[in-house]
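What follows is a set of notes on a single structure, which appears directly below.
The values are calculated or read from the model by the stated rules, or taken from the named source; none is laboratory data. Source: prediction; values computed, not measured. FYI the Cβ positions are ideal-geometry reconstructions off the backbone, even for glycines, and counts take in every protein chain you see. Just the protein is used for accessible areas: all its heavy atoms, side chains included, with ligands, DNA and RNA removed. Shrake-Rupley method; radii C 1.70, N 1.55, O 1.52, S 1.80 Å.
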Amino acid sequence: MIRVDEKNNVFLLNTENTSYGIAIVDGRYIEHLYYGAKLEETDIRYLLREDEAPFTPSVNKRETGAFLDFAPMEYPEAGMGDYRESALSVRSVKGHRASELCYEGYEITPGKPALEGLPATWGEDSECSTLKIFCRDSLLGMKVTLMYSVFEGVDALTRSVLIENEGEEPFYIEKILSACLDMDDRDFEVISLIGSWARERHIQRMPLGYGRQNIASFKGESSHQEHPFLALVTPETTQSTGEVYAMNFVYSGNFIAQAEKSQFDSVRMSMGIHPEGFTWKLEPGERFTAPEVVMVYSAEGLGKMTRTFHDLYREHLIRSPYLHKKRPILINNWEATYFEFDEKKLLEIAKDAAELGIEMLVMDDGWFGKRNLDDSSLGDWYVNEEKIKGGLHELVENVKKLGLKFGIWIEPEMISPESELYRKHPDWAIQIPGRDITQSRAQYVLDFSRKEVVDGVYEMISDVLKSADISYVKWDMNRQLATLGSYALPADRQGELSHRYVLGVYRMQERLITDFPEILLENCSGGGARFDAGMLYYSPQIWCSDDTDAIERLAIQEGTALVYPVSAMGAHVSVCPNHAVGRVTPFETRGDVALLGTFGYELDITKLSDEEKEQVKVQVEKYHRYNDLIREGDYYRLASVSDNGYYDSWMIVEKDKSRALVFYVQVMARANAKSRFVRLAGLDPEKRYIAGGKTYAGSTLMRAGVRIPSEFGDFKSRLIEIMEA
Ligand code: DGJ
C-alpha cells in the first residue's frame, strides 16, 4: 500500500513487513527517509535531521554544497555538489555536465505499467501498486519520472526511471542508474556473487569500508565474473537472523552495483547500467527507460530474502507456460559427443534414453552449416545434411517414434568469420572500421542493435523451428562484446550500442516465444554468464554453468539459489571423470545435486554400465516423485560446505508445510567421526512429521535436528523425505 501524508510531504510505501519512506524537502528535493521493518506512521521527518547542520538550502543559502553532499537523496545527480556516486549524469549540447531535479508532483495507480522493450516484474491491480514521482530540470527541459512499484504480499519493491526530453535541444545521458538507497551505516557487510567461467555465482562476503566497493560488468552481458546482485547485511547476519538490504537488476547487459561509505558514515547503495562507454542521445520528444531494479529488505536474515526473490520471480517475473510444470527430463549430447555426431549417434542416444525414462533429446552445437568445430558457420542456420542425413524433419520424427520430444541448440547473436552470412554481410558484425575485430572462440558478435540484423537471423531460425516438431530451444551466447562499433549508428550515438544490443536480444526472444508459445526456451551463455532476472522474463530456465561436477555445483547452485528460484536452474548429470575438473563422484550424488534444478543428462548414455543405467531409472523416479515439491516449494539453506569444509545441506518445504525434502552431501569424509545433527528449517513447529520412519514434532526437527550418519568415502549424498504425520 502506498500512503501519502500531504501535511508532512511524506510517501510511505508499505508491504506486509517493510516500509520505504520518501520526503519532499523545500518543495523540491526528493529525499530518502527510511527503508526497513514496517512503520505504522508517516510522521517520520525527524529521520532527515533537518534541524542539524548542514540545514536545508531554504534555511542555509550559504551552504547548498554541504547539504547536497550530505542529504539522503532518492535520485542523486552529478554536477551540482553531491560528490557521492551519482545516479544520473547528463551533458547538454553545450557540453556542460549537470542537472538539478526539482519535484513537480506524483501519481499513484493500481498495478504496474510495463517497461517499453524491457523485461520487468508484472502484477494484477490487486497485487501491486505504483508511485510515480515527477521532477524536472528546467534548463535542459528534462522530465524525470521515478517509478516505484510495491508488491505488498511478497515484500518487494521495484524501481525504474523514465527520462523525457521536453526541451528544444537534444541532451546526452551519460549515466543513468535505476536505483539508489542512502542509509546510515550499521557496520554493514557486502554480499555479492562472483566467479569465472565454470565457477559462476560463488558467494563473497566482506566488510564495507570507506570509499566505494562495486561489482560490475561492461562485457555486454551480466557475465560469469560478477553478477547484478548486491546485498548489504548487518554483521552476524545468518540465514535466519540479521537485516538484509538487497538489490537485483532485471537486465542482461552492462551493470554496476555499488556500495559507498562516506565521510558521515552514511552508505549509498546503487545499481544500474554501467556508465563505461554509455551515452544516450535524447532528441526533443524522445524518452529513455532505465531497466528495473528489485529491492528486498529482510529483518529475518538471508533466508527470508531468498524466499522473497523466489516468490517474486515465480509469481511476477517468469511468464512461461512451463513455469509451474514439470519440465521434460532431457538428455543433451554436448558432453557426450561435442561436435562429433550424426543422426545415427543421436538416435542411439535417444533409444537408450527412452528405455530409461528420459523424455527429450536435445541436439546441441554442431548441427548446422559446416560446423564440425567451434571455428565456423555461426549465422548459417540451416541443417548440415552431411551430418544429419535425411534432414531435421526426419530425425525429429524418428526421435519421436522412440517416444522422446526433440530440442535444438542455437546461438543467434553470433557470426563466424568463416560463414556464408559473414561473406554476405560483413557489416553485420559489431566492429570499429579500421581495427581488427577482437576474436573470441573464433567468432564475432552480430550487431543486434540493428533491426534488419535481428530480423534476418530470426527468419533463418524460425524456418528451422517450423521445419520440424521442435519442443525446446537452448539459446546460447559464447562470447562477450568488444571492439564496439555499429555501422548503423551515427558518431554521437555509438555509445548506445551495448544497450541497443540487449534490447535487440530481448526483441528477438519476445518474438520467438510469441511465435512459438509451445517451445520451452532455456537461456545459456557459455555456461551461466547470462543467468539473470532479465532472461527469466523470457525463459523459465537458464543453464547454470558448464561445470557439471556435482561438488563444484554445490557452490554454484548455492550462490544462484540465493536469488533465483531453483526451478530455473539448469542442472544435469554428467560422466566421470568430470570434464571440467576430472573429479570422480558417485552417480547417486550427481543425480541428487541435479535434482535441485531442471534435471537432465549430459552424457553418452550408450556407454553407461548396466549398474549406472539402473541408477538412471532410480533418478528418473526421484525426479517424478519430488519435482513438484522442489519446483514450487520454499528453499532453506541449512549448511554450506564453503563455510564448514565438510558438508552441504539444504531443504525444500511445501508451501503448506505438509512435506519437505532434505538434501545432504557429505563432501569430505572425516576419520573417527560421529553422526551429525542437522537442524531443519521452515517446518510447522506444531505439526508432527515422519522422518526416517519415526514421528517427531516439527519443533524437535528444527531445534534438535535430524541425525545424519558419518559415511566412509567422500562425496556421498542423501535425501530425507519428511511427511506430515
Ligand atoms: C556453451 C554451453 O554452455 C554448452 O552447454 C554448449 O552448448 C556449448 N556452449 C556449445 O558450444
Nearest-5 percent of antiparallel DSSP beta bridges in segment 330-632? 15 percent
In square nanometres, what is the average projected area of the Cα convex hull of the chain? 32.1 nm²
Taking 7 Å along the Cα-to-C-beta vector as the label spot, tell me the Ala66-Ser609 distance in nanometres, rounded to one decimal. 7.8 nm
In whole µm²/s, the translational diffusion coefficient that Stokes-Einstein assigns to segment 192-335, given a Kirkwood hydrodynamic radius over C-alpha pairs, 25 °C and 0.890 mPa s, equals 140 µm²/s
How much accessible area per residue does segment 138-282 have, counting only protein heavy atoms and a probe of 1.4 Å, in square angstrom? 31 Å²
List the GluC sites (Glu not before Pro) within segment 37-134 that DSSP assigns to loop and that have no more than 14 neighbouring Cβ atoms inside 10 Å. Glu40, Glu41, Glu52, Glu116, Glu124
Rounded to two decimals, the Rg over Rh value of segment 330-632 from Cα coordinates and the Kirkwood Rh reads 0.97
Using only the Cα atoms, work out Rg/Rh for segment 2-301, with Rh taken as the Kirkwood radius, to two decimals. 0.94
What net charge is computed for the residues neighbouring Pro54, neighbours being all others with C-beta under 9 Å from the C-beta of Pro54, Lys and Arg scored +1, Asp and Glu -1? -3
Cα-based Rg and Dmax for segment 76-122, where Dmax is the largest Cα-Cα distance (Å): 15.3, 41
Percentage of interatomic Cα-Cα distances in segment 578-725 larger than 24 Å: 36 percent
Please report Rg (one decimal) and Dmax (integer) in Å for the Cα set of segment 12-71. 12.9, 43
Area projected by the alpha carbon convex hull of segment 32-157, averaged over all directions, nm²: 10.2 nm²
Counting Lys +1, Arg +1, Asp -1, Glu -1, what net charge surrounds Asn17 among other residues with beta carbon under 11 Å of its beta carbon? -2
Translational diffusion coefficient (Stokes-Einstein; Kirkwood radius from C-alpha pairs) of segment 375-491 at 25 °C, 0.890 mPa s, in µm²/s: 158 µm²/s
Cα convex hull of segment 598-678: how many Å³ per residue? 148 Å³
With each run of n ≥ 4 DSSP H residues scored as -39500 (n - 2.57), what mean residue ellipticity at 222 nm is computed for the chain after dividing by its residue count and rounding to the nearest 500 deg cm²/dmol? -6000 deg cm²/dmol
Convex hull projection area averaged over all views, segment 314-413, Cα basis, nm²: 7.5 nm²
Send over the per residue convex hull volume for segment 638-724, Cα only, as a whole number of Å³. 86 Å³
Rounded to the nearest 20 debye, dipole of the chain from Cβ charges on Lys, Arg, Asp, Glu: 1320 debye
Simple label model, 7 Å out from Cα along Cβ direction - Ser699 to Thr238, nm: 1.8 nm
